[in-house]
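In what follows, a structure is listed as structure tokens, so that the remarks can point back to it.
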Amino acid sequence: MVLSILATASLRMESPCRRALSRPFEGANAGVAGLALMTSGLLLRNADVWAPEPLGTNDVLILGGVIAGIGSFDAPAGWPIEVIDLAGAILAPGLIDAHTHLTGGGGESGPETKVPAVPFSAFTTAGVTTAIGLLGTDCRTRGMAELLAGARALERLGLTALCYTGGYEVPPVTLTGSARGDIVHVDRIVGIGETAISDHRSSQPTYDEIVRLASDAHVGGLLTGKAGVLHLHLGDGERGLAYVRRALAETEVPARVFHPTHLNRNARLWSEALHLSPRGLTLDLTAFPPDPGEPDAAECIAEYLAGGNDPERLTMSSDGGGCLPVFDRDGVMTHMDVGASASLLQAVGRARANGVSFMGALATVTSNVARLFRLHDRGQIAPGSRADVVVLESDLRVRTTIANGRVLVRDGVAVVKGPFER
Ligand code: ZN
């Protein structure tokens, strides 16, 4: 059977398909490993593949949770490989949402305004296959143990789920007693955040405290191979990115460590971020549609790329599950909305409508995020990558979501749900 699929496969790209198919049959346990491969095959035919760069119409072969080949394939008769004809639909990498309050955020107008945990299907129906969770304003009635358990729950249901240590507060709430220790000792913790600066809800951290956290993130990343980023929540405060600008000028911490977010919350902050961009840090936009007068993430992507900035150093996240409050001058919340991962593809669509290439917009939620977070086998459609895939209609509605080779959404319907979802 193995030889038959190799014989009928006509690859247009260099592919590890032969290795992926032949290695499990070598050695004493060959039969068991081979069976595992054969029970998890998918052949996605006639896809318009965006890797995120355009690859044209291809078939994508998935074996054992990995993209085994991109090209033109015939499914051998009798093999337990499901064949799905996509008839020209868009096939893109599964999205990586690097800012989601997966246990729920909010609580900024009393405990009754705490947002419930995000349902599993809210990720998958938005095309998200990797979620990076965090705490926000409330690090007192919420905590790292709950966040870590939430990430593990998503992982058990089929996603890849990671998290930051900390939340708005400095010093950050942690599991092991230090942020650096959390990154080093806790499997899913990959960075520090969302640490709040220039915001009335922050703990008013000093410049030195922020530099120390950046150091902890960087060295924690070095010791583990994890992302090692300091994900900074930016508020509306006049100080804006002053701490970051100073740290880039005065310290040895690499620019890649600083990952400021909500940069499109007002025009002044976005302009400041654009000026800092050439220093080498990655800017993060929040996808949620803006209030009148605020910059739309889609317009910011267009402006960033048109300005000749590094196309690999721009990311977009959702603030999913987070409360999106509006405060009056006394710091009292006047109204709120709730973020959702679904805003990511909506913003990609608005960017495309604004003249941004689909590849450029898609990269902000796939390959650019994977690169910053050192997820080397995700965020791309390539032989050997994890089979995290989303199939989209021409208007970017999600048709199918596949994570680690497993179909979680089929024909727009979540076929895997959390135990308490209806
Ligand atoms: Zn935030």
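The values are calculated or read from the model by the stated rules, or taken from the named source; none is laboratory data. For clarity, every value in this text was computed on a predicted model and none was experimentally measured. In this analysis, Cβ positions are derived from the backbone assuming ideal geometry, glycine residues included, and neighbour counts consider all displayed protein chains.
Candidates in segment 177-195 are the residues that are crowded, with 17+ Cβ neighbours inside 10 Å and either in contact (Cβ under 8 Å) with a residue 60 or more places away in the chain or not hydrophobic (A, V, I, L, M, F, W, C) (or both); of these, the one that is farthest from the ligand (Cβ to nearest atom) is 180.
When each of 348, 338 is tested for being modelled with pLDDT under 95, under 21 Å from the mean Cα position of the chain (by Cα), surrounded by 17 or more Cβ atoms within 10 Å (Cβ to Cβ) and among the hydrophobic types (A, V, I, L, M, F, W, C), the lone residue that passes is 338.
Scanning segment 333-342 for residues that are in contact (Cβ under 8 Å) with a residue 60 or more places away in the chain and either of a type in the set (Ser, Thr, Tyr) or farther than 13 Å from residue 286 by Cα (or both) gives 333, 336, 341. Checking each residue in segment 359-378 for being out of contact with any helix residue (DSSP H, G or I) (no Cβ under 9 Å at 6 or more places or on another chain) and not in a helix (DSSP H, G or I) picks out 366, 373. Among the residues of segment 300-312, those that are crowded, with 19+ Cβ neighbours inside 10 Å and within 17 Å of residue 269 (Cα to Cα) comprise 300, 301, 302, 304. Residues in segment 59-80 that are in a strand (DSSP E or B) and either of a type in the set (A, V, I, L, M) or crowded, with 23+ Cβ neighbours inside 10 Å (or both): 59, 60, 61, 62, 63, 66, 67, 68, 69, 70.
Of the residues making up segment 196-210, just one is among the aliphatic types (A, V, I, L, M) and more than 15 Å from the ligand (Cβ to nearest atom), namely 210. Does residue 129 fit the bill of being polar (S, T, N, Q) and either at pLDDT below 95 or within 16 Å of the ligand (Cβ to nearest atom) (or both)? For residue 129, the condition - polar (S, T, N, Q) and either at pLDDT below 95 or within 16 Å of the ligand (Cβ to nearest atom) (or both) - is not met. Restricting to segment 165-184, name every residue that is among the hydrophobic types (A, V, I, L, M, F, W, C) and assigned to a helix (DSSP H, G or I). Hits for segment 165-184 are 179, 183, 184.
Within segment 216-234, can you find the residues that are crowded, with 21+ Cβ neighbours inside 10 Å and of a type outside the set (D, E, K, R)? If you could, list the steps in order and put the result at the bottom.
Kept after step one, since they are crowded, with 21+ Cβ neighbours inside 10 Å, are these residues of segment 216-234: 216-218, 220-221, 226-234.
Result: 217, 218, 220, 221, 227, 228, 229, 230, 231, 232, 233, 234.
Within segment 323-333, does at least one residue satisfy the condition of being crowded, with 23+ Cβ neighbours inside 10 Å, of a type in the set (Val, Ile, Thr) and more than 14 Å from the ligand (Cβ to nearest atom)? Can you show your working first?
Taking segment 323-333 first, the residues crowded, with 23+ Cβ neighbours inside 10 Å are 323.
Subsequent filtering for residues that are of a type in the set (Val, Ile, Thr) retains none.
Within segment 323-333, none of the residues are crowded, with 23+ Cβ neighbours inside 10 Å, of a type in the set (Val, Ile, Thr) and more than 14 Å from the ligand (Cβ to nearest atom).
Out of all the residues in segment 71-90, is one or more within 23 Å of the chain's Cα centre (by Cα) and in contact (Cβ under 8 Å) with a residue 60 or more places away in the chain? The answer is yes, given that some residue of segment 71-90 is within 23 Å of the chain's Cα centre (by Cα) and in contact (Cβ under 8 Å) with a residue 60 or more places away in the chain. The set of residues in segment 91-108 being within 16 Å of the ligand (Cβ to nearest atom) and not in a strand (DSSP E or B) consists of 101, 102, 103, 104, 105, 107. How many of the residues in segment 272-293 are out of contact with any Pro (no Cβ under 9 Å at 6 or more places or on another chain) and either crowded, with 16+ Cβ neighbours inside 10 Å or at positive phi (or both)? Of the residues in that region, 8 qualify. The set of residues in segment 211-240 being under 13 Å from residue 282 (Cα atoms) and either within 16 Å of the ligand (Cβ to nearest atom) or among the polar types (S, T, N, Q) (or both) consists of 229, 230, 231, 232.
Restricting to strands (runs of 3 or more DSSP E) lying wholly in segment 248-321: which have 3 or more residues that are outside the structural domain of residue 353 (by TED's automatic domain parsing) and in contact with a helix residue (DSSP H, G or I) (Cβ under 7 Å, 6 or more places away or on another chain)? Walk me through how you get there before you give the answer.
On the way: elements: 258-261, 283-286, 314-317.
Answer list for segment 248-321: none.
Residues that are among the small types (Gly, Ala, Ser) and not in a loop (DSSP other than H, G, I, E, B) are absent from segment 81-90.
Candidates 147, 154, 162: the one that is buried (at least 18 other Cβ atoms within 10 Å of the Cβ), assigned by TED's automatic domain parsing to the domain that holds residue 102, within 16 Å of the ligand (Cβ to nearest atom) and not in a loop (DSSP other than H, G, I, E, B) is 147.
Identify, please: which residue in segment 250-300 is hydroxyl-bearing (Ser, Thr, Tyr) and touching a residue at least 12 places away in the same chain (Cβ under 8 Å) and is, among those, nearest to the ligand (Cβ to nearest atom)? Steps first, please.
Pass one, segment 250-300, residues hydroxyl-bearing (Ser, Thr, Tyr): 251, 261, 271, 277, 282, 286.
Restricting the remaining residues to those that are touching a residue at least 12 places away in the same chain (Cβ under 8 Å) gives 251, 261, 277, 282, 286.
Details: 251: 24, 261: 6, 277: 20, 282: 16, 286: 8 Å.
In this case the residue turns out to be 261.
With respect to the conditions (1) in contact with a Phe, Trp or Tyr (Cβ under 7 Å, 6 or more places away or on another chain); (2) not in a loop (DSSP other than H, G, I, E, B); (3) not hydrophobic (A, V, I, L, M, F, W, C), residue 401 lacks only one, and its number is (1).
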